[in-house]
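To start, the structure itself, in structure tokens.
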Protein chains: 2
Amino acid sequence: MEITRQNFKECLNLIYEAIEEADFLAIDGEFSGISDGPSVTTLTNGLDTPEERYQKLKKHSMDFLLFQFGLCTFKYDAAENRHIMKTFNFYVFPKPLSRNSPDVKFVCQSSSIDFLANQGFDFNKVFRNGIPYLNREEERQLREQLEEKHHQSNGTGTPSFISPNSTKGPIVIPEEHRSFIEKIVEKVEDLLKDDNGSIELDPCTGFQRKLIYQTLNWKFPKGAHVETLENEKKERYIVVSKLDDDERRRREEQKRAKEQEEMNDAVGFSKVIYAISKSGKLVVGHNMLLDVMHTIHQFFCPLPDELNEFKEVTTSVFTRLLDTKLMASTHPFKELIMNTPLAELEKRLKDAPFRPPKVESAEGFPSYNTASEQLHEAGYDAYITGLCFISMANHLGSFLSPPKVFVPAKSKLVEPFINKLFLMRVIDIPYLNLSGPDLQPKRDHVLHVRFPKEWKTSDLYQLFSAFGNIQVSWIDDTSAFVALSQREQVQIAVNTSRYAESYRIQTYAEYVDKKQEEKQT
Amino acid sequence: MEITRQNFKECLNLIYEAIEEADFLAIDGEFSGISDGPSVTTLTNGLDTPEERYQKLKKHSMDFLLFQFGLCTFKYDAAENRHIMKTFNFYVFPKPLSRNSPDVKFVCQSSSIDFLANQGFDFNKVFRNGIPYLNREEERQLREQLEEKHHQSNGTGTPSFISPNSTKGPIVIPEEHRSFIEKIVEKVEDLLKDDNGSIELDPCTGFQRKLIYQTLNWKFPKGAHVETLENEKKERYIVVSKLDDDERRRREEQKRAKEQEEMNDAVGFSKVIYAISKSGKLVVGHNMLLDVMHTIHQFFCPLPDELNEFKEVTTSVFTRLLDTKLMASTHPFKELIMNTPLAELEKRLKDAPFRPPKVESAEGFPSYNTASEQLHEAGYDAYITGLCFISMANHLGSFLSPPKVFVPAKSKLVEPFINKLFLMRVIDIPYLNLSGPDLQPKRDHVLHVRFPKEWKTSDLYQLFSAFGNIQVSWIDDTSAFVALSQREQVQIAVNTSRYAESYRIQTYAEYVDKKQEEKQT
Ligand SMILES: Nc1nc2c(ncn2[C@@H]2O[C@H](COP(=O)(O)OP(=O)(O)O)[C@@H](O)[C@H]2O)c(=O)[nH]1
Ligand SMILES: Nc1nc2c(ncn2[C@@H]2O[C@H](COP(=O)(O)OP(=O)(O)O)[C@@H](O)[C@H]2O)c(=O)[nH]1
């Protein structure tokens, strides 16, 4: 089901219900870009530490926009041994709702945009009809501004845009505006002599409006109701009305109710994420580190500086996360599954020893067909991810005695895979551990090599040809990590390089120490 | 006429022709954002120097994308005293055409995107069908890479992706790839024993392809033709064919011709800008500084660091520029025209003493109707800008004796307005002078004031209430320029402020000196 600004409000209860009744949820995001660094591969070195990887992703990926969010909810129907799913495909866009709301800037990467364009992605739906959102801090600030405004206008009868200073003395009106303001005062005097009614002033500058507000509130503290409206050309103009106290109060209340509603609309899509968070349900994603980072960044708070804080925030937002790419790359699946990209995983899980689960769309929800490959759409990808999770979880049941055909999302069998997010292209650390310290491989068979920029991988193979099999992880044009097959060779390699001119070799431990030193100075 | 990637090539000659035959050209651009700074108003202080303004726009606006370019060409038909116009509305997008082409990142500002969305802007046309482009430097680099590749494969018979080192010795094949490569060598040996034919290898990694190329070129320097293709899943795979020398040469030539064509396609929309530049025709725009900066930045070269260099580049690209906003704000027009935003200017110029010109669309070109306001589209805005120029230019003819009804774009009467670009919201410098040094107003009646962030404009009016009329230009939350009406009061104000605690006043000259000093240290 496609959700845009147009049908979001009317669908919200449907969405809440789907989350509430579900056994687990699958999610996926589409972004305006992946990495604004020099190249994805240099940014994801094979020997990054989890901390380094987090820092790189935070620095080079968070300026992109998550603009499509897929949610697929799954509920098990034991009687029929089938799953009922509800798929939502949300278009999300930070439309500035008022002059006070943040004017978000985001980066697009042309290769990512082009990729989505080729998949038939509808950018007009995002930019014209995307659901707005606020993160927690933005929401807090806007609510505070609103309250302060109400508070001030309650207390003193003057609206908040008058600073404390200027209410004390008489208002200073610059000479060039004086006759303009005087004319308006005359008009208002005329209005107040007459019956109830109102006058529209011509559109004018913000500064002039400020002067009008100040003057009228000072001269006519009670009888005149002053408000700013916008015409169809987006010009702002002032309307002054003569109102009795009751009418005045009624209007104020109406205006506040409307402001509260606008505030709620502005929180928009964040409500869905808060509902997911509050549900405490298992949330499944495929290679989901970036999805999780973007979700927190966009709908909760800017990402914290340290990986440990990020883990804290993440586990407080999502109680249980499961990454199907990590699951597929872990025993007992890695022995059975060669390729873990989502589309290939999904295909593999259709064959023995796995069994494709019976999954049906809930009534009123469109169904996807996995046979004819759908466009690369967040809702579809979330759905596929959910399918993969069910197949793999059920496979774990076959190891029980007696074997079980269905393993629920809450089962202890799934526990080993919880809160471990796949780390792309890290050789020796398979996952980021959200619920504890990360694995610390020794890396005592690894060398750090510095060389001229003309060198190619083959030059490194040649340099280390005496040491048998090696594994190269490029850092940049002039340096790389080289993993030797035997730890004992490390010292030999360092020694033989001592007098080399064109290149330089140090151990991984030396490299880490030096980097630590540099960081501290 | 709407031009996208789909019809660009077939329309190119039509576009060239329109530019060639025109008396003058009008242009307009739509961008993904205007300013990524804290706020447009803080970024455009009323007392910026032209150099400061250029630096701010360069720093805060060039990361946005110019994604729609409007061109309207005007040709005078003396017999009928009418203008024939041809309007082009180009959608532009930096689609990465190959793995070597730049992967452009650009910023979007949600308020700008939302504004365009409300006007019905079609983002899908930009992102799916935008015409690609290269700037001069990118084009040079890609051409060089192409030539080097051809040169190398001519010289040694080996393609360029083999580095000089690795062609010397035998190829080092890492152990884990050895059996993979050996199997391929066997297959190719079998192929070469047989008749003509070819084999497709399975998709594999870039590194494996490199090894295959190296090995096959070394083992079979003549008989085997090796090339990389892409399947519909965008996976790259190698095809090896047995070819005689003639066939081999023919294929190479075909491949090169195709590469040359792709190169030309990649230059894409830049060709239109080059044609405009080469024509030397008058180019008219409305408030066109940002349009000019973006055009140079995107299609020629990164903007130079200094304003003077920018002027040089600009005048070498565009021989004659005219800004209708500047024209409308200058004698003898400023006395007649109150509001200079494009839509209002256009309306004003329909009334006396101006006369709306007779303008008709050329055959086969859609016509715009100024009565029913069109969507905010670059082609339409360029058209309106052209209309405004014609009306104002013709008005200049009324001052001649005998008066003239038609003043051509080449007329000397237009000369005073050439190469002066409107400077938004600068109080005392109306334009950036492209063909010489800029105006240097004295500003000896201006003060620089520093104060607590709680202060409002009214506090400044109060502070200077003894000095009569003042003009405030905010710099940031805690400082502003204050222009006094009389130069003589400047020293008095500075003196009386000497012992003030909450604020600090200095003359404009002192402020400039201090800033200069800071810059040098
Ligand atoms: N000097 C040099 N740098 C390389 C070479 N191969 C890779 N690199 C660098 O390492 C980065 C990552 O390369 P790699 O992991 O092979 O991924 P690729 O981008 O798929 O080719 C590249 O962007 C280069 O900066 C090489 O042969 N020579
Ligand atoms: N402290 C303070 N800053 C102001 C005030 N008015 C303007 N500014 C600053 O100056 C900038 C430009 O303001 P202005 O030219 O009035 O344009 P506006 O954005 O249309 O209100 C604002 O973004 C503020 O940073 C004020 O009354 N008090």
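Bear in mind that the values in this text are calculations on the coordinates, not laboratory data. Because the structure is predicted, anything quoted here is derived from the model rather than measured. With ideal geometry, Cβ positions are generated from the backbone for all residues, glycine too; neighbour counts draw on all protein chains shown.
Observations on the model:
- Among A:THR457, B:PHE417, B:ILE27 - extreme Cα towards positive end, dipole of the protein assembly as shown, charges at beta-carbon: A:THR457
- A simple charge model with +1 on the Cβ of Lys and Arg, -1 on the Cβ of Asp and Glu and nothing else charged puts the dipole of the protein assembly as shown at about 680 debye relative to its Cα centre.
- Isotropically averaged projected area of segment B:385-521, using the convex hull of Cα atoms (one quarter of hull area), nm²: 12.8
- Distances in nm from A:ILE199 to the matching label points in the other copies, shortest first (labels 7 Å along Cα to Cβ): 9.3
- For segment A:257-309, the C-alpha radius of gyration divided by 2.2 N^0.38 Å, with N the number of residues, is 1.40.
- 25 Å Cα-Cα threshold exceeded, pairs from A:LYS105/B:LYS86; A:LYS453/B:LYS187; B:LYS149/B:LYS242; A:LYS59/B:LYS210: A:LYS105/B:LYS86; A:LYS453/B:LYS187; A:LYS59/B:LYS210
- Amide H contacts under 5 Å for A:GLY29, placed H, 5+ residues apart: A:GLY70
- Couplings for segment A:274-291, taken from phi via the Karplus curve 6.51 cos²θ - 1.76 cosθ + 1.60 with θ = phi - 60°, read 5, 5, 4, 4, 5, 5, x, 6, 4, 10, 9, x, 10, 6, 9, 4, 5, 4 Hz in order; Gly and Pro are left as x.
- Amide H within-cut-off set for A:LEU321, under 5 Å, with H built and near neighbours excluded: A:VAL283, A:ASN419
- Cβ crowding within 10 Å averaged over residues, with B:291-298, B:469-476, B:263-270 ranked highest first: B:291-298, B:263-270, B:469-476
- Calculated diffusion of segment A:442-520, Stokes-Einstein form, Kirkwood radius summed over Cα pairs, 20 °C and 1.002 mPa s, µm²/s: 168
- For the listed peptides B:276-285, A:216-225, A:66-75, A:23-32, a ranking on the average number of other beta carbons within 10 Å per residue, highest first, reads A:66-75, A:23-32, B:276-285, A:216-225.
- Of the residues B:CYS11, A:CYS301, B:CYS388, the one with the fewest other Cβ atoms within 10 Å heads the list, and the complete ranking is A:CYS301, B:CYS11, B:CYS388.
- Divided by 2.2 N^0.38 Å, where N counts the residues, the Cα radius of gyration of segment B:227-375 comes to 1.70.
- Cα centroid of segment B:278-296 to Cα centroid of segment B:67-90, whole Å: 16
- Averaged over B:85-95, number of beta-carbon atoms from partner chains that fall within 10 Å: 1
- Ascending count of other beta-carbon atoms within 10 Å, so fewest first, for B:ARG256, A:ARG128: B:ARG256, A:ARG128
- The orientation-averaged projection of the convex hull spanning the C-alpha atoms of the protein assembly as shown amounts to 54.5 square nanometres.
- Scattering profile of segment B:73-124 at q = 0.13 Å⁻¹ [log10 I(q)/I(0), Debye over alpha-carbon scatterers]: -0.63
- All Cα pairs of segment A:293-445, percent lying beyond 23 Å: 46
- About the Cα centre, charge dipole magnitude for chain A (Lys/Arg +1, Asp/Glu -1 at Cβ), debye: 760
- Taking a quarter of the surface of the Cα convex hull of chain A gives a mean projected area of 34.9 nm².
- Here B:GLU415 yields copy-to-copy label distances, from shortest upward, of 9.1 nm, the label point defined as 7 Å from Cα along Cα to C-beta.
- Against chain A, whose longest principal axis is taken from its Cα atoms, helix A:206-219 shows a tilt of about 40°.
- Only Lys, Arg (+1) and Asp, Glu (-1) charged, at Cβ; segment A:170-225 dipole about Cα centre in debye: 260
- A:ALA257 label point (Cα plus 7 Å toward Cβ) to equivalent points in the other copies: 7.5 nm, shortest first.
- Here the contact order of segment A:180-265, divided by its residue count and restricted to Cα pairs under 8 Å and six or more residues apart, works out to 31 percent.
- When the charge dipole of chain A is built from unit charges on Cβ atoms (+1 for Lys and Arg, -1 for Asp and Glu) and taken about the Cα centre, the candidate among A:ILE475, A:PRO402, A:SER361 whose Cα reaches farthest toward its positive end is A:PRO402.
- Amide H to amide H distances under 5 Å link A:TYR133 with A:LYS95, A:PHE269, where only residues 5 or more positions off or on other chains count and H is placed in the peptide plane.
- An ellipsoid equivalent to segment A:28-154, defined through the eigenvalues of its Cα gyration tensor, has semi-axes of 31, 26, 18 Å when rounded to whole angstrom and sorted largest first.
- Percent of beta bridges antiparallel (DSSP, chain B, rounded to nearest 5): 80
- Per-residue 3J(HN,Hα) values for segment A:51-58, derived from phi via the Karplus relation 6.51 cos²θ - 1.76 cosθ + 1.60 with θ = phi - 60°, read 4, 4, 4, 4, 4, 5, 5, 4 Hz in sequence order (x marks Gly and Pro).
- Counting Cβ atoms of other protein chains within 10 Å of each residue's Cβ and taking the mean over peptide A:108-120 gives 6.
- Phi angles across segment A:81-92 convert, under the Karplus curve 6.51 cos²θ - 1.76 cosθ + 1.60 with θ = phi - 60°, into 3J(HN,Hα) values of 6, 9, 10, 9, 10, 10, 10, 10, 10, 8, 9, 10 Hz, Gly and Pro given as x.
- D_trans [Stokes-Einstein, Kirkwood Rh over alpha-carbon pairs] for segment B:359-442, 20 °C, 1.002 mPa s, µm² s⁻¹: 136
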